[in-house]
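Just so it is clear, none of the values below were taken in a lab; they were calculated from the coordinates. Computed from a predicted structure; not experimentally measured. Positions of Cβ are generated from backbone atoms using ideal geometry, with glycine treated the same way; all protein chains shown enter the neighbour counts.
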Amino acid sequence: GSLSHILLTHAHIDHSGRIPYLVKHGFRGRVLATGATVDLCEVMLPDSGHVQEMEVEQKNRRGQRAGRERIEPIYSAADGLAALSFFDRVGYGQEADLGAFRVRFLDAGHILGSAMAEVTVVGEGIRILFSGDLGNENYHPLLAGPTAVEETDYLLIESTYGNRLHQDTRDPADLLAEVVNEAYARGGPLVIPAFAAERTQDLLYFLHRLWEGGRIPPVPVYIDSPMAIAATAVFEKHHECYGTQVQDMLCKGEEPLDFPALHYARTVEESQALNKLQGPAVIISASGMADAGRIRHHLKHNLWRPEATVLFVGYQAEGTLGRSLLEGAARVTIFGEEITVRARIKSLDVFSGHADQKGLLAWAGHFRVPPRLTFVVHGEPEAAARLARLLTEERGWPVIIPAWLQEHVLTGSAPAPTLAQVRESLDRKIGLLESRGDPARIAEALKRLRELDEYLEQVG
């Protein structure tokens with residue numbers, strides 16, 4: 001059948017990036033997303049198309065010399081812009097009527113505007129919850145945590161970190177202050193490659209806190225990325241996505257992403273001027289893996305300087321300039337010029353917007369009764385398998401990891417279990433609880449069982 005609607009959980013390109021391609025090839029339905037997600041897509045989708053055009057242009061130049069046929073980008077910047085006319089905004093908690101289905105978005109706490117999608121099948125009474133990417137409640141400086149959901153019939157849960165825990169749980173503000181102060185003492189710039197949407201704004205929030213608290217010197221901070229500047233404006237527009245701590249700042253008249261030391265380099269000339277700065281400064285620029293964008297110019301002008309510091313705050317994929325620098329490359333090539341690396345290279349692995357295994361299980365722990373069936377999705381095979389095993393063995397949930405193109409029929413209300421089935425289930429779960437030896441959970445279970453015993457005494 002034809003595709004009538006797309007439910008977009010958030011703006012990251014691995015989730016939103018195929019929409020312009022679908023529109024280019026005939027999609028004429030509607031894309032539902034939160035207002036913040038739509039606004040971020042207005043920044044990110046045309047940029048995604050532009051990046052593809054630039055990459056294809058370079059490949060075609062090389063291919064022409066090798067006698068290969070020209071290739072076309074998956075979509076262009078114009079295609080990214082055109083796709084936006086198919087987007088509809090749906091606020092958190094609002095219900096969208098799609099005829100046979102009703103849709104409600106709940107805050108997922110992953111990035112600005114990220115959402116879980118709760119789909120109700122009209123007339124069947126079936127509720128299906130898509131978790132989307134769940135946020136790291138213990139880290140995220142700006143956003144509210146993932147919404148606690150207590151019941152659904154069917155659950156699709158992501159498993160990105162299904163087999164991993166965040167190793168470094170120290171306060172990112174403390175670690176960032178240490179790097180800024182060390183860079184200041186060296187007398188040179190601190191250059192930070194950062195993704196334009198989310199990571200740049202996280203850094204601004206922490207730098208604001210540190211500057212206001214007098215924990216870093218009055219060093220100028222420059223944002224040098226048109227996309228990051230546009231994304232920051234989206235953040236400042238959508239206060240409804242912020243957590244309580246940031247909401248308190250706003251109530252006091254403070255802007256979490258703005259402070260006197262902050263400056264924006266909007267034009268090419270302003271960007272070029274940053275490479276002529278003398279003395280300490282913080283320069284935040286995209287892209288986060290240093291494989292494109294203005295950051296490459298800043299690295300070209302600063303990597304050879306022993307007083308400079310380069311700080312990576314996100315994952316660096318294999319084959320990128322960022323990965324080479326982290327692995328200790330003595331020389332790198334930028335814009336065809338070989339650069340000797342004399343700057344200090346640093347990395348902080350505490351900035352993650354993803355719930356880890358513990359966070360995923362904690363979120364799943366809010367369900368009062370297990371979903372009738374849980375599908376573990378959106379993870380590498382090992383991560384999905386580990387999370388599925390934990391949900392099955394520790395929680396007693398029925399779980400499957402769906403295979404590509406596998407179908408599963410979702411039915412309406414399940415028949416009520418017999419007393420024998422309930423007794424068997426209780427025996428199994430009590431045995432599991434005893435084997436884990438968790439005093440707090442055992443105490444809570446005993447309290448609930450006493451209540452059940454009293455009820456049975458009354459009705460028996």
Legend entry - Non-local Lys pairs in the chain, i.e. 8 or more apart or on different chains, that have alpha carbons under 28 Å apart: 10
Legend entry - 3J(HN,Hα) from dihedral phi, segment 345-357, Karplus parametrisation 6.51/-1.76/1.60, rounded to Hz, x for glycine, proline: 9, 10, 8, 10, 9, 10, 9, 9, x, 9, 5, 8, 4
Inset, instruction - Rounded to the nearest 10 degrees, what's the angle between the helix 172-186 long axis and the longest principal axis of the chain, both from Cα atoms, 0 to 90? - result: 10
Legend entry - Karplus 3J(HN,Hα) series, Hz, for segment 304-315 with 6.51 cos²θ - 1.76 cosθ + 1.60 (x for Gly, Pro): 7, 8, x, 7, 7, 10, 10, 10, 9, 10, x, 4
Inset, instruction - Amide H neighbours of Ile6 under 5 Å, at least 5 residues apart or on other chains, H built in the peptide plane: list them. - result: Arg30, Val31, Leu32
Legend entry - Loop-located trypsin sites (Lys or Arg not before Pro) in segment 269-370 whose Cβ has at most 15 other Cβ within 10 Å (DSSP): Lys276, Arg342, Arg368
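Using 0.36 nm per residue, how much length does the chain from Glu424 to Leu250 gain when fully extended, once their Cα-Cα distance is taken away? Walk me through the numbers before you get to the answer.
Values: separation 174, 0.36 × 174 = 62.64 nm, distance 5.31 nm.
The Glu424-Leu250 span can extend by a further 57.3 nm.
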Inset, instruction - Give the order of Cys241, Cys41, Cys251 when sorted by the count of other beta carbons within 10 angstrom, beginning with the fewest. - result: Cys251, Cys241, Cys41
Inset, instruction - Taking the Cα centre of the chain as origin, sum charge times position over the Cβ atoms of Lys and Arg (+1) and Asp and Glu (-1), and report the length of that vector in debye to the nearest 20. - result: 1160
Legend entry - Relative contact order of segment 155-268, pairs being alpha-carbon contacts under 8 Å that are 6 or more residues apart, as %: 29
Inset, instruction - Please go through segment 32-118 and write out the chymotrypsin sites (Phe, Trp or Tyr not before Pro) that DSSP classes as loop and that have at most 15 other C-beta atoms within 10 Å. - result: none
Inset, instruction - Could you tell me which of Pro46, Ser131, Pro260 has its Cα farthest along the dipole of the chain towards the positive end, charges placed at Cβ (Lys, Arg +1; Asp, Glu -1), taken about the Cα centre? - result: Pro46
Legend entry - Surrounding net charge for Asn60, when Lys and Arg each add one and Asp and Glu each subtract one, Cβ distance under 11 Å: +1
Inset, instruction - Mind listing the long-range amide H neighbours of Ile339? Cut-off is under 5 Å, sequence gap 5 or more, other chains count too, H placed in the peptide plane at 1.01 Å from N. - result: Val332, Thr333, Ile334
Inset, instruction - Please report the relative contact order for the chain, taking Cα pairs under 8 Å with a sequence separation of at least 6, and give it as a percent rounded to a whole number. - result: 16
Legend entry - Euclidean distance of C-alpha centroids, segment 66-125 and segment 370-421, integer Å: 25
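Only bridges with both residues in the chain count here: give the DSSP antiparallel percent, nearest 5.
Looking only at bridges with both residues in the chain, the antiparallel portion is about 35 percent.
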Inset, instruction - Give the long-range amide H neighbours of Ile283: residues separated by 5 or more places, or on another chain, with amide H under 5 Å away, using H modelled in the peptide plane at 1.01 Å from N. - result: Leu190, Val191, Ile192, Tyr222
Legend entry - For segment 172-347, size of Cβ-based charge dipole, Lys and Arg +1, Asp and Glu -1, in debye: 560
Inset, instruction - Return the sequence-ordered ³J(HN,Hα) values of segment 33-46 in whole Hz as given by the Karplus equation 6.51 cos²θ - 1.76 cosθ + 1.60 applied to θ = phi - 60°, using x for Gly and Pro. - result: 7, 5, x, 5, 5, 4, 5, 5, 5, 4, 8, 8, 5, x
Inset, instruction - May I ask you to compute the full-extension gain from Arg215 to Ser435, defined as 0.36 nm times their residue separation minus their alpha-carbon distance, rounded to one decimal in nm? - result: 74.4 nm
Inset, instruction - Let me know the shape class of segment 419-459, please: from the alpha-carbon gyration tensor, a ≥ b ≥ c as square roots of the eigenvalues, rounded when a/c is under 1.5, otherwise prolate if a/b is greater than b/c, or oblate. - result: oblate
Inset, instruction - Have a look at Leu204, Thr340, Ala173 and report the one farthest towards the positive end of the charge dipole of segment 172-347, computed about the Cα centre with Cβ charges (Lys/Arg +1, Asp/Glu -1). - result: Thr340
Legend entry - Surrounding net charge for Gln278, when Lys and Arg each add one and Asp and Glu each subtract one, Cβ distance under 15 Å: +2
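Could you put Val38, Val56 in order, starting from the residue whose Cβ has the fewest other Cβ atoms within 10 Å? Could the numbers behind the result be given before it?
Working: Val38 21, Val56 17.
Listing Val38, Val56 from fewest to most nearby Cβ atoms yields Val56, Val38.
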Legend entry - segment 296-452 - percent relative contact order, Cα under 8 Å, separation 6 or more: 16
Inset, instruction - Provide the gained length on full extension for the span Glu124 to Arg68, in nm with one decimal, where the gain is 0.36 nm per separating residue minus the Cα-Cα distance. - result: 14.6 nm
Inset, instruction - Please name which of His25, Leu311, Asn275 has its Cα lying farthest along the dipole of the chain towards the positive end, using unit charges on Cβ (Lys, Arg +1; Asp, Glu -1) and the Cα centre as origin. - result: Asn275
Inset, instruction - Quick one: order Asp438, Asp107 by neighbouring beta-carbon count within 10 Å, fewest to most. - result: Asp438, Asp107
Inset, instruction - Among (1) 69, 56, 49; (2) 59, 49, 43; (3) 85, 53, 44, find the value of Cα extents along the principal axes in Å that was calculated from the structure presented, and write down its label. - result: (3)
Legend entry - Förster radius 45 Å - calculated FRET efficiency between Lys300 and Gln94 (Cβ-Cβ, nearest 0.05): 0.40
